[in-house]
Structure formats: C-alpha cells, structure tokens
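Structure first, then comments.
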Amino acid sequence: MVTPARASLMAAPVEGDWKALGDEATALLSQYLRINTTNPPGNEIAAARWLAEVLRREGIESQVFEPAPGKANLYARLAGDGTARPIVLLNHMDVVLASPEFWTVDPFGGVIKEGSVWGRGALDMKGEGIAQLMTMLILKRAKVQLKRDIIFLATSDEEIGAGVGAAWIAEQKPDLVRGAEFLLNEGGLTRAKTGGQAGGAVEFYGVGTTEKSPFWLDVTARGTAGHGSRPTPDNPVHRLIRALNRVAEWKTPLIVTPAVERSFRDLATIERDTTVRRWLSDIRAALRDSTAVRVLTSDLTYNALLRNTISITGLKGSNKTNVIPPVATAVVDVRLLPGQDPAAFLAEFVRIIGDTAVTVKPQGPNWPATESSTETEMFRAIADVARQRHPEALVTTMMLAGFTDSHYFRRMGIASYGLGPFPLTQADSRGVHGNDERVSIDALRSGVRFYYEVVSRVAARRPT
Ligand SMILES: [Zn+2]
C-alpha cells in the first residue's frame, strides 16, 4: 500500500496543521475510491481490509466481521476514561452502480483533478467515511484525552436497504454499540452559496434528526387465465390497473410533523421569496390556503416532507402477448412520515383499492420512524462548531425523505444525527447517485476539520 503523507502532530491540531491533514485526507480518499464496492455484490471486504490497514499503521486495532462471503463490517474503538458514554461514527463502504459511459473520468480511478477528488462514493459516503477516519487518526496521534470511547463502524449493504451491514450489527452484535449515547452518520447537509469552497459562504447547516420510513408494498391481483383472443371478464391485469389507478389518483392528506414545522420556520429566515417566506414561517396556516398548497406541493421536496407518499414503480403481468395470466403484480414505494402507524396506513390503502381480489402485502420489516432530540450535548456541539465557522449560517434540523442506516440505532436508544460535513452547492449535490460524483479538496479539508471539531468538543476531557 502506498502511504499518503502523514501529518505529524504533537498535540491537537493548530491552524497550520489543517493544510497537511486535508492533503492526507485527499490521498486517502483517492485510494479508497479505487476500491470498487458497487453493491451488488459490494465486495466490502476489500474496503474493510484497507481501512484496517490504515488504522493499524496508527496503532489502532480493528475487528473485521465477515457475515457472508465478500461482505464485511469493520469495528474499531478509541478508549476514553469511561466518565461519559461512547460516540459511534457510522459509515457505509458500499456504493451504487456507476455507468462509466456517462462519466468524464473513470469512476473507480481515484482521479484528482481541477481541485476535486472524483469517483463513485466521493459524496455517498466514502468522503464522509474519510472525515470520520481522519477524526480517529488525529485523536490518536495527538493523544487527546477522551472521556468517551469513540467507535468507528464501517458497514456493508446500506445501498440495498437491508442485508448484512447495519442490520446485522443491530441483530447479531448489538453489544458493539450498546450504551452509546450518540451516533454520527450521513443524512445531513451543509449548503454552500457558491462554489463549495471552505472559505465561501455557507447558507445553512441541516442536521438530520429524523427520516421517513419506507413501507414497500406488493400488490397482487388474481383472476381467470386464458387466451388473449377470448377475453375473460376478470382478467387480473385489468383488475390491477383499475386498482392502481385509484391509488394513483389518491391524494394522501397533508400532515405537519413537529420536525418539519421547525425546519420550515428556520428556512423561512433565509427564504428570498417573500410569499414563500410567509408560508414557511407558519406552515399550518399556509396549508389552509389553496394557493400555498398548490405551490408548496409542486416542490417535490416540500411535498415529500408534508405527506405519506406513494410511487407505483413496478408492474408485471404475462410475458406472452397472447396469454392472459392468472396473476398480475405491482410494487409500490410508500414512505411514511414520523409518527405514522404502518398498520393504519395499510388499512387505508386497502380501502382505496376497494377490490377483494387484489391483495396488498408489506415487502419486509417496517418500523415507525423516530426522532433524535435537539436538546443534547451533541446537537449543541454541532450547532456551536457550525456557528463558529460560519457565523452567518443558519443551523437547522432536517427530515430526510429517504432513509439511512440511522434508524437501526435510533431504535436502540442512541441519539443519531445526520451530518453533511462538506459545504456543497445544489449543483455539487447532484453527483450523489449521479454521474461525475466528486468533492472539492477545499470542501474535504473543511469537512475533516468540522468532524474533528464536533467529536473532540463532545469527547475530549479538556476542550481542544
Ligand atoms: Zn449513503
């Protein structure tokens, strides 16, 4: 393994050290992006071995679990004095598919050019994984005295939504994180006004405190099979289409959750459009105004934050044009707001379908979403560090319309926060699951420092 230049530290980093630490993070990220962990199959074992080697060089031992061939979860721990409960730094090693024909560089080349590190995973979430890794290395090198253990947990299978990553940890190895007070993970956002530069203006820090929960459904219609030339009155494909049409027309009710009410009120303070500002500042009142409802729900993000959503995403009937099948099926992606009861939603869904020949079944385990409190030492530390760096920036909470692995840990009672350590413009964020995913070296350097400052503020015995 080629060793990237290592910043030597005698104590907690001072201003001048951050340039070298940023360069080191850049070199490490470039190496990490060259390990192809496209899931499926993931092959996270290669990434875990690499992380273990980087940690070992610094004298940090780690354990690599192999729950299935080629799959891995890595666990390492820096010991504190035990006077406060541990912090978990959670990151997933797998990435989604990249189609090289749409990229201007090799997505697994670890390319550094035009001031950025390019590659699948640079933003989601190998870059943040490196910020967490650097936090471990810096704490260790600087011999920072800790009151809390810091747990570094790199997992598989986040991108396929289940499998043998965080779910496996929660089910098979809960002792690894038991008793932890806080967890930091993806699922936050630092919105830069321009260019994603460390020195540039940051508009807001969005800290993830909750997320919607997926409630994926299989819809199955049954009827009489036959030859396509002799139509049957209960063709299951026709039945399914009629049922799905009722689902597609259904406008689920608008619901204001406390988390969304709070973040809209915060976002109102930086909204430029005066009408939208008024609506966001009092969303309950706005939703009684039909114009506001029309405008706000035409924004895909606002719409997803204000209701349980339904997307019909897959259909299957016969694979022969001239054969009426006995069964036709559809898959439906439902996302529920925090506080919603999956069973109650299912009953309503079945009522909308209104056909006893059509059955609806949840695909897998589901859970009611929960929220992590903002009244914690960790949330205050995140807000303090953010304001110190960008006094002009708003610090607010965020509800994700998608979901991360945080729910496994929130359900274990660990207050879990989504951080987006890198200042990104709206355009920068498009690389997530898209083409030419990259992070600027300035943003990376800034994010490494942000992570370290947050963790050391909460975990160091004396503030560093
Ligand atoms: Zn991710």
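The values are calculated or read from the model by the stated rules, or taken from the named source; none is laboratory data. Computed from a predicted model, the values in this text were never measured in an experiment. Here Cβ is always computed from backbone atoms with ideal geometry, including for glycine, and neighbour counts include all displayed protein chains. The accessibility values were calculated without ligands, DNA or RNA, using every heavy atom of the protein model including side chains. Shrake-Rupley method; radii C 1.70, N 1.55, O 1.52, S 1.80 Å.
Every test in (1) of a type in the set (Lys, Arg); (2) under 21 Å from the mean Cα position of the chain (by Cα); (3) part of a loop (DSSP other than H, G, I, E, B) is passed by ARG178 save one, and that test is (2).
Remark: ALA72 falls outside the filter, which requires a residue to be surrounded by fewer than 21 Cβ atoms within 10 Å (Cβ to Cβ), on the phi < 0 side of the Ramachandran plot and aliphatic (A, V, I, L, M). Taking ILE112 as the residue in question, decide whether it is in contact with a helix residue (DSSP H, G or I) (Cβ under 7 Å, 6 or more places away or on another chain), within 16 Å of the ligand (Cβ to nearest atom) and of a type in the set (A, V, I, L, M). So ILE112 fails the test. Residues in region 210-260 that are touching a helix residue (DSSP H, G or I) at 6+ places or on another chain (Cβ under 6 Å) and either farther than 16 Å from ALA330 by Cα or open to solvent by 10 Å² or more (accessible area, probe 1.4 Å) (or both): 8 in all. Scanning region 119-128 for residues that are open to solvent by less than 10 Å² (accessible area, probe 1.4 Å) and closer than 16 Å to THR38 by Cβ turns up GLY119, ARG120, GLY121, ALA122, MET125, LYS126.
Take the conditions open to solvent by 20 Å² or more (accessible area, probe 1.4 Å) and among the β-branched types (Val, Ile, Thr) and apply them to VAL88. Does it pass? Steps first, answer last, please.
Numbers: open to solvent by 20 Å² or more (accessible area, probe 1.4 Å): no; among the β-branched types (Val, Ile, Thr): yes.
It is false that VAL88 is open to solvent by 20 Å² or more (accessible area, probe 1.4 Å) and among the β-branched types (Val, Ile, Thr).
Just wondering, is there one or more residues in region 383-402 that are under 23 Å from ALA98 (Cα atoms), small (Gly, Ala, Ser), modelled with pLDDT of 95 or more and within 15 Å of the ligand (Cβ to nearest atom)? No: zero hits. Residues in region 404-426 that are within 16 Å of the ligand (Cβ to nearest atom), at pLDDT 95 or above and aliphatic (A, V, I, L, M): LEU419 alone.
Touching a strand residue (DSSP E or B) at 6+ places or on another chain (Cβ under 6 Å), outside any strand (DSSP E or B), of a type in the set (D, E, K, R) and buried (at least 24 other Cβ atoms within 10 Å of the Cβ) - does that describe any residue in region 94-117? No; the residues of region 94-117 include none that is touching a strand residue (DSSP E or B) at 6+ places or on another chain (Cβ under 6 Å), outside any strand (DSSP E or B), of a type in the set (D, E, K, R) and buried (at least 24 other Cβ atoms within 10 Å of the Cβ). Would you check if THR135 is at negative phi, of a type in the set (Ser, Thr, Tyr) and open to solvent by 40 Å² or more (accessible area, probe 1.4 Å)? Against the criterion (at negative phi, of a type in the set (Ser, Thr, Tyr) and open to solvent by 40 Å² or more (accessible area, probe 1.4 Å)), THR135 does not qualify.
Where in region 357-435 are there strands (runs of 3 or more DSSP E), lying wholly inside it, with at least 2 residues that are farther than 19 Å from TYR205 by Cα and open to solvent by 30 Å² or more (accessible area, probe 1.4 Å)? Before the answer, list the steps.
Working: elements: 358-362, 394-400, 415-418.
Strands (runs of 3 or more DSSP E) meeting the threshold: 358-362.
If you go through region 312-319 one residue at a time, do you hit one that is surrounded by 15 or more Cβ atoms within 10 Å (Cβ to Cβ) and of a type in the set (S, T, N, Q)? For region 312-319, residues surrounded by 15 or more Cβ atoms within 10 Å (Cβ to Cβ) and of a type in the set (S, T, N, Q): present.
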